[in-house]
1. For region 49-67, name all the residues that are assigned to a helix (DSSP H, G or I) and in contact with a Lys or Arg (Cβ under 9 Å, 6 or more places away or on another chain).
2. What residue, among those in region 52-81 that are among the β-branched types (V, I, T) and closer than 21 Å to S147 by Cα, is surrounded by the fewest Cβ atoms within 10 Å (Cβ to Cβ)?
3. Count, please, the residues in region 172-204 that happen to be in contact (Cβ under 8 Å) with a residue 40 or more places away in the chain and out of contact with any His (no Cβ under 7 Å at 6 or more places or on another chain).
4. Just checking, which of A167, A138, A162 is without any contact (Cβ under 8 Å) to a residue 40 or more places away in the chain, crowded, with 19+ Cβ neighbours inside 10 Å and under 18 Å from L84 (Cβ atoms)?
5. Tell me, which helices (runs of 4 or more DSSP H) wholly within region 152-229 include 2 or more residues that are closer than 26 Å to I72 by Cα?
6. Kindly indicate whether any position in region 203-210 is among the aliphatic types (A, V, I, L, M), over 16 Å from the mean Cα position of the chain (by Cα) and more than 20 Å from G87 (Cα to Cα).
7. Is it the case that region 186-208 has a residue that's under 24 Å from I42 (Cβ atoms), in contact with a Cys (Cβ under 6 Å, 6 or more places away or on another chain) and buried (at least 21 other Cβ atoms within 10 Å of the Cβ)?
Amino acid sequence: MAVETKSFAVAARPIPAVTIRVRTVGIQETYRRHLTWAQVIIAFLFVECAVWAARLSVRSRWALAAGATVLIFALIDRPSLQRLGLGLPNTMGTSLMLGVGFTGAVLMVFLARWAGGGVPANPVFPNMHLAWQYVIWALAQEFMLQSFFFTRCEELFGSSTAVWVTATFFAAVHLPNLILTTFTLIGGLFFCEMFRRYRSIYLLGIVHAVLGLTLSAIVPEGLLQHMRVGIGYLR
């Protein structure tokens with residue numbers, strides 16, 4: 001009886017299986033982080049090439065490559081619509097986004113008038129054809145910024161830190177245009193925080209467009225340079 005008990009105790013040891021499973025999970029998590037880092041770095045470098053390439057034709061090709069890369073990376077994991085921010089926000093989110101956005105636009109106009117500037121500051125403003133194009137471009141920017149960069153930074157740094165990291169990326173792309181860099185850092189913090197809370201890019205795209213068009217209306221073209229960034233701003 002004693003021999004059978006000792007033999008049974010020796011046979012029932014599942015420790016190696018548990019150890020192997022833990023190591024496998026750790027390897028998978030490490031691989032996922034490395035893959036996420038690679039996606040962020042590659043996409044950001046493509047965007048920077050689209051901004052800083054010497055020739056306009058080359059910049060256009062890099063822009064197409066950056067857009068396609070971000071779209072593929074964003075969809076490769078088959079994420080949910082909520083993760084991508086393609087759902088509608090709740091009533092609180094809608095009110096907050098629109099309220100803060102339009103209040104900010106009105107405040108920008110009043111500050112420009114208080115400083116003695118003319119509104120509009122540019123004789124060609126407003127141009128409704130270009131305004132509609134900018135609305136579409138603003139929505140595309142929010143998809144890149146939130147649905148791709150923010151979701152990846154959220155995996156890497158956590159939700160709150162991702163707001164600051166993503167907004168910094170957004171502002172860095174607008175260098176060396178210091179006016180746009182400053183406004184996009186402030187706006188990027190607001191956009192990312194709203195996305196973190198409410199997960200919807202539609203209203204963010206509208207607010208983004210309203211603020212951008214307001215900025216172009218109150219800042220003279222001699223300073224804003226048609227909202228150009230990168231090599232286009234310098235030239």
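1. Hits for region 49-67 are C49, A50, V51, W52.
2. Initial filter on region 52-81 (among the β-branched types (V, I, T)): 58, 69-70, 72, 76.
In the following step, the residues that additionally are closer than 21 Å to S147 by Cα were identified as 69-70, 72, 76.
On the way: T69: 17, V70: 23, I72: 12, I76: 10.
Restricting to residues being among the β-branched types (V, I, T) and closer than 21 Å to S147 by Cα, the top hit is I76.
3. 20
4. Details: A167 fails: under 18 Å from L84 (Cβ atoms); A138 fails: without any contact (Cβ under 8 Å) to a residue 40 or more places away in the chain.
None of the others qualify; the one that does is A162.
5. Answer list for region 152-229: 159-173, 178-198, 202-218.
6. Looking through region 203-210, at least one residue is among the aliphatic types (A, V, I, L, M), over 16 Å from the mean Cα position of the chain (by Cα) and more than 20 Å from G87 (Cα to Cα).
7. Looking for residues that are under 24 Å from I42 (Cβ atoms), in contact with a Cys (Cβ under 6 Å, 6 or more places away or on another chain) and buried (at least 21 other Cβ atoms within 10 Å of the Cβ), one finds none in region 186-208, hence no.
Every residue, every condition in (1) within 15 Å of P120 (Cα to Cα); (2) polar (S, T, N, Q), yes or no:
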{"position": "L180", "(1), (2)": "no, no"}
{"position": "T184", "(1), (2)": "no, yes"}
{"position": "L189", "(1), (2)": "no, no"}
{"position": "M194", "(1), (2)": "no, no"}
{"position": "S200", "(1), (2)": "no, yes"}
{"position": "G212", "(1), (2)": "yes, no"}
{"position": "L224", "(1), (2)": "yes, no"}
{"position": "M227", "(1), (2)": "no, no"}
{"position": "L234", "(1), (2)": "no, no"}
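The numbers here are math on the coordinates, done by the rules we state, and not lab data. Here the structure is a predicted model, which is why all the values come from computation and not from measurement. Here Cβ is always computed from backbone atoms with ideal geometry, including for glycine, and neighbour counts include all displayed protein chains.
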